[in-house]
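Q: First the structure, which I've put down as structure tokens, then a few questions once you've had a look.
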Amino acid sequence: MASVWEEIRETVAPRPGSRHGPLPPLLLALTVVGGLVDAVSFLGLGHVFVANVTGSVVVVGFAAAGAKGFSVSSSLVSLTAFLVGAALGGRIGRRLPHRGRVLLAALSVQTALFGSASAVSAWIGTAHHPAGRYTILALLALAMGLQNAAVRLLAVPDLTTTAITMTLVGLAADGPLGAGGPMRAGPRLLSATALLSGAFAGGFLVLRHGVTTGMTVMSVVAALTVVAVAAAARHPGVWADRP
């Protein structure tokens with residue numbers, strides 16, 4: 001148990017000179033954002049995932065099979081925009097060797113996209129305006145494609161910010177009931193908790209205060225993360241080098 005708490009402390013407040021520097025706590029903040037985004041899209045925009053792409057693919061299957069409450073077109077818009085965002089994120093990463101600057105560039109664009117989606121929601125709404133809903137879905141999915149591409153380039157173990165399937169598999173498979181090796185339980189538990197917290201907060205906001213409120217809070221959290229990333233990116237260190 002002591003080692004788990006040590007791993008948690010190291011993830012939340014990394015020591016100077018650590019391999020990934022300030023990236024782990026920043027990625028935990030982005031994991032909260034990932035939960036917020038999927039809560040907004042699934043609960044407020046027609047049962048569509050824009051952050052968890054595995055869910056998007058499954059939803060396309062549900063919709064194609066005729067399940068009520070699911071839309072093939074909405075899910076395809078989300079998937080297409082996500083892939084475009086991921087391609088853009090890859091292009092950004094190719095030009096910037098500093099991991100902090102990769103994250104800063106991607107998240108700056110992401111925050112602008114979130115703000116645009118919030119503005120569209122406030123101006124047009126989503127309930128009776130399919131064009132507005134598709135626009136919001138595309139903007140959010142584009143933003144999350146950027147985030148996922150940037151996080152992939154950072155290559156911080158167990159902190160993917162959107163999907164935690166393999167994170168939980170590692171927690172169980174490496175534990176005493178599995179292989180019995182090093183579990184890295186601290187960062188894995190933090191990642192799952194951050195995603196759950198974001199989903200809960202997003203669900204609460206959407207169900208009680210509406211989609212626009214949920215997106216506004218999401219945009220604020222993303223903007224605060226950008227400020228923190230900008231401060232971190234100003235400092236060199238071993239963590240800044242691409243793997």
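Q: Scan segment 137-153 and tell me whether some residue there is basic (Lys, Arg) and over 21 Å from Ala192 (Cα atoms).
A: Within segment 137-153, none of the residues are basic (Lys, Arg) and over 21 Å from Ala192 (Cα atoms).
Q: Let me ask something else about it. Which count do you get for residues in segment 129-138 that are surrounded by fewer than 24 Cβ atoms within 10 Å (Cβ to Cβ) and among the aliphatic types (A, V, I, L, M)?
A: Residues that pass the stated criteria total 2.
Q: Since Gly186 meets every condition but one in (1) surrounded by fewer than 17 Cβ atoms within 10 Å (Cβ to Cβ); (2) modelled with pLDDT under 95, which condition does it not meet?
A: So Gly186 meets the others, but not (1).
Q: Could you list all residues from segment 46-66 that are modelled with pLDDT under 90, out of contact with any Ser or Thr (no Cβ under 6 Å at 6 or more places or on another chain) and assigned to a loop (DSSP other than H, G, I, E, B)?
A: Across segment 46-66, the qualifying residue is only Gly66.
Q: Further question on the same structure: Taking the residues in segment 68-105 that are part of a loop (DSSP other than H, G, I, E, B) and over 20 Å from Arg133 (Cα atoms) as candidates, determine which candidate is modelled with the highest pLDDT.
A: Leu96
Q: Something else: Any chance segment 150-173 includes a residue that's outside any loop (DSSP other than H, G, I, E, B) and within 10 Å of the chain's Cα centre (by Cα)?
A: The answer is yes, given that some residue of segment 150-173 is outside any loop (DSSP other than H, G, I, E, B) and within 10 Å of the chain's Cα centre (by Cα).
Q: Counting only residues that are touching a strand residue (DSSP E or B) at 6+ places or on another chain (Cβ under 8 Å) and of a type in the set (Lys, Arg), how many does segment 79-128 have?
A: 1
Q: Hey, any hits in segment 32-43 for a residue that's exposed (fewer than 15 other Cβ atoms within 10 Å of the Cβ), out of contact with any strand residue (DSSP E or B) (no Cβ under 9 Å at 6 or more places or on another chain) and closer than 30 Å to Tyr134 by Cα?
A: No: segment 32-43 contains no residue that is exposed (fewer than 15 other Cβ atoms within 10 Å of the Cβ), out of contact with any strand residue (DSSP E or B) (no Cβ under 9 Å at 6 or more places or on another chain) and closer than 30 Å to Tyr134 by Cα.
Q: Does segment 2-10 contain at least one residue that is crowded, with 21+ Cβ neighbours inside 10 Å and either charged (D, E, K, R) or part of a loop (DSSP other than H, G, I, E, B) (or both)?
A: no
Q: Is there any pair linking a residue in segment 46-61 that is farther than 17 Å from Gly203 by Cα to one that is of a type in the set (Ser, Thr, Tyr), with Cβ under 7 Å and at least six apart or on different chains, and which?
A: Once the first residue is farther than 17 Å from Gly203 by Cα and sits in segment 46-61, its partners that are of a type in the set (Ser, Thr, Tyr) give Ser56/Ser75; Ser56/Ser78; Val59/Ser75; Val60/Ser75.
Q: Here is a further query. Which members of segment 105-128 meet the condition of being more than 20 Å from Val217 (Cβ to Cβ) and crowded, with 24+ Cβ neighbours inside 10 Å?
A: Result: Ala106, single match.
The values are calculated or read from the model by the stated rules, or taken from the named source; none is laboratory data. Because the structure is a prediction, the values reported are computed rather than measured. All Cβ positions, even for glycine, are placed from backbone atoms using ideal geometry, and neighbour counts span all protein chains on display.
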